[in-house]
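See below for the structure under consideration.
The values are calculated or read from the model by the stated rules, or taken from the named source; none is laboratory data. This structure is a prediction, so every number in the text was calculated from the model and none was measured. No Cβ is skipped: glycine too gets one built from the backbone with ideal geometry, and neighbour counts run over all protein chains shown. Accessible surface areas use protein heavy atoms only, side chains included; no ligands, DNA or RNA. Shrake-Rupley method; radii C 1.70, N 1.55, O 1.52, S 1.80 Å.
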Amino acid sequence: MSDKETILIVEDEEDILALIHYNLSRAGYAVLSATCGEEGLALARQQQPDLVLLDLMLPGMDGLEVCRRLKSQDDTRRLPVIMITAKGEEADIVTGLELGAADYVTKPFSPRVLLARIKAVLRRDTEPVESSVATEPVCIERHGLSIHPGRNEVLVEGERVELTYTEFRVLYFLASRPGWVFTRYQIVNAVRGEDYSVTDRAVDVQIVGLRRKLGPCGHCIETVRGVGYRFRD
């Protein structure tokens with residue numbers, strides 16, 4: 001039995017599927033593929049891959065519905081999903097991230113960038129268990145927010161709010177240094193790691209999702225024009 005990490009590609013465009021399959025195989029991954037949402041969902045449940053590359057524009061069941069179903073099932077809830085989008089439309093990207101997707105890439109994309117994203121997500125998926133034992137989590141309580149890293153829990157005026165892993169990391173990073181202004185690059189560097197290839201737009205999408213979910217406390221994350229973001233002191 002192979003000990004390679006397994007990637008499931010769900011993509012209906014044959015040329016893109018072949019390109020991704022070739023580059024993943026060349027990089028040492030075991031690869032599964034599906035050309036529609038129903039097939040991809042079934043393979044994910046049967047084979048339990050280490051990560052899913054999921055195109056949003058699929059025939060039949062679209063990628064967002066596949067992601068929603070994966071994240072609603074106990075056996076696939078923790079399966080990392082990277083969305084593949086034809087257009088950088090904020091609404092679809094935010095919806096996917098809110099459903100629990102770990103990341104996204106937009107077509108056309110560089111195979112090297114895609115591989116970097118995959119490596120970062122797979123590495124990150126193992127980090128919380130290792131690091132949580134080593135350090136005592138510190139709960140942050142400010143402006144009606146309660147942020148507990150040990151439980152990965154956020155309360156807004158006493159009500160629990162469901163955040164994705166990345167949204168939680170961004171919020172905790174900013175809230176742990178109130179008043180400090182951070183560039184998008186600094187936020188990415190702190191949350192994902194220095195070798196993570198990402199655009200400024202990806203950070204903006206995370207902030208949009210965070211503000212929406214935090215409701216009345218969303219104003220605590222302030223935009224500093226021309227620089228980046230800060231958590232209100």
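Any residue at all in region 193-202 that's at pLDDT below 90, open to solvent by less than 70 Å² (accessible area, probe 1.4 Å), of a type in the set (D, E, K, R) and not in a strand (DSSP E or B)? No, that holds for no residue. The residues on offer are Val113, Val52, and the sole one that is of a type in the set (A, V, I, L, M) and either within 13 Å of the chain's Cα centre (by Cα) or farther than 27 Å from Val208 by Cα (or both) is Val52. Can you tell me which residues in region 153-170 are under 17 Å from Phe231 (Cα atoms) and either among the basic types (Lys, Arg) or in a strand (DSSP E or B) (or both)? Val154, Leu155, Val156, Arg169 - these are the residues of region 153-170 that are under 17 Å from Phe231 (Cα atoms) and either among the basic types (Lys, Arg) or in a strand (DSSP E or B) (or both). Applying the selection to region 203-229, what residues are open to solvent by 20 Å² or more (accessible area, probe 1.4 Å) and of a type in the set (Gly, Ala, Ser)? Correct list: Gly215, Gly226.
Considering region 121-152, the residues that are among the small types (Gly, Ala, Ser) and not in a helix (DSSP H, G or I) include one that is modelled with the highest pLDDT, namely Ser146.
How do the pairs read when you match residues in region 109-128 that are under 17 Å from Thr166 (Cα atoms) with residues anywhere that are loosely packed, with under 14 Cβ neighbours inside 10 Å and modelled with pLDDT of 85 or more, using Cβ under 7 Å and keeping only pairs 6 or more apart or on different chains? Within 7 Å, no pair qualifies.
Against the list (1) within 22 Å of His21 (Cα to Cα); (2) among the hydrophobic types (A, V, I, L, M, F, W, C); (3) surrounded by 17 or more Cβ atoms within 10 Å (Cβ to Cβ), the condition Leu97 fails is (1). For Leu79, the stated conditions do not hold, so it cannot be described as under 19 Å from Val170 (Cα atoms), touching a residue at least 12 places away in the same chain (Cβ under 8 Å) and buried (at least 16 other Cβ atoms within 10 Å of the Cβ).
Once region 1-28 is narrowed to residues that are open to solvent by less than 70 Å² (accessible area, probe 1.4 Å) and touching a residue at least 60 places away in the same chain (Cβ under 8 Å), the residue that is farthest from Val105 (Cα to Cα) is Ala27.
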